[in-house]
1. Condition first: touching a Pro at 6+ places or on another chain (Cβ under 8 Å) and at positive phi. Can you find one or more residues in the range 148-170 that meet it?
2. I'd like to verify a number: residues in the range 57-68 that are in a helix (DSSP H, G or I) and either more than 13 Å from the chain's Cα centre (by Cα) or more than 15 Å from residue 12 (Cα to Cα) (or both), how many?
3. Only one of 6, 20, 70 is aliphatic (A, V, I, L, M) and in contact with a Gly (Cβ under 8 Å, 6 or more places away or on another chain). Can you tell me which?
4. Restricting the search to the range 22-45, which residues are free of Cβ contacts under 8 Å to residues at least 60 places away in the same chain and under 15 Å from residue 159 (Cα atoms)?
5. Specify which of the listed residues (91, 149, 173) is under 22 Å from residue 45 (Cβ atoms), surrounded by fewer than 23 Cβ atoms within 10 Å (Cβ to Cβ) and either hydrophobic (A, V, I, L, M, F, W, C) or in contact (Cβ under 8 Å) with a residue 24 or more places away in the chain (or both).
6. Specify which of the listed residues (44, 26, 54, 71) is part of a loop (DSSP other than H, G, I, E, B) and of a type outside the set (Val, Ile, Thr).
7. Determine which single condition residue 105 fails, assuming it passes every other condition in (1) more than 15 Å from the chain's Cα centre (by Cα); (2) crowded, with 17+ Cβ neighbours inside 10 Å; (3) part of a loop (DSSP other than H, G, I, E, B).
Amino acid sequence: MKKYLIEFLGTYFLVLAVGISGEALAVGFILSALIYIGALISGAHYNPAISLGAFILKKISGTELVGYVIAHIAGAFIAAVTVLFVSSLPLYIEPPLNSGFYQQLLMETLLTFVLVLLALVAWIGNPSNKSVATYSFVMGFGLLAVTLLGENISGSVFNPALSIGPSILDYFLGGASFKDIPTYTIAPVLGAVLASFAYKHLIQDAD
């Protein structure tokens, strides 16, 4: 149960940072801190795409995957409620109007691939003899980098929970952000699958 609670809290504070600040630097730094807190307990995924990568590599079970994803979505939902309470504005990441669906899908897939592969290499694929500090550092700066790269094309989500959780609240408020869930779910899943394949066939044998 501790690992699910850590995943819930980590996702909550990560999404809260997105909703309150939205600044890539702040979000990257808070991710580093949250990973440092939770890495030895749950692996500090805070993202269903990363949990899917861990599942494909058989680092977590199917039951754990479901528990992680539920914790992520619940954390994101409660974070969205908090953002609404403190700012009176709903948390809604809208894709930029100057790009189309397929451009957004490609960008989210490619950059999620980088983020998930980084997580697998830095810790999840083989945590033995790996440094928590290094894991937290590279993931924070990795998220900062991919966010800056993708924000003008896809909105830089890379995390289905960040789309699904706030969209649930937005739906009850009469919003329509749920229409963007497919983009922000399909692409991270594809990115995670490709990253797991790349890790297995390009990197794992070198560990």
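1. Yes: one or more hits.
2. 6
3. Exactly one of 6, 20, 70 is aliphatic (A, V, I, L, M) and in contact with a Gly (Cβ under 8 Å, 6 or more places away or on another chain), namely 6.
4. Correct list: 22 only.
5. 149
6. Within the list 44, 26, 54, 71, the selection yields 44.
7. Evaluating residue 105 over (1) more than 15 Å from the chain's Cα centre (by Cα); (2) crowded, with 17+ Cβ neighbours inside 10 Å; (3) part of a loop (DSSP other than H, G, I, E, B) leaves (3) as the failure.
Conditions tested, residue by residue: (1) under 20 Å from residue 113 (Cβ atoms); (2) polar (S, T, N, Q); (3) surrounded by fewer than 24 Cβ atoms within 10 Å (Cβ to Cβ).
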{"position": "3", "(1), (2), (3)": "no, no, yes"}
{"position": "9", "(1), (2), (3)": "no, no, yes"}
{"position": "15", "(1), (2), (3)": "no, no, no"}
{"position": "23", "(1), (2), (3)": "no, no, yes"}
{"position": "28", "(1), (2), (3)": "yes, no, yes"}
{"position": "45", "(1), (2), (3)": "yes, no, no"}
{"position": "56", "(1), (2), (3)": "yes, no, yes"}
{"position": "59", "(1), (2), (3)": "yes, no, yes"}
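No value in this document is a laboratory result; all are computed from the given coordinates. Owing to the predicted nature of the structure, the values given are computational and were not obtained by experimental measurement. Ideal geometry is used to build each Cβ from the backbone, glycine not excepted, and the neighbour counts take in all protein chains shown.
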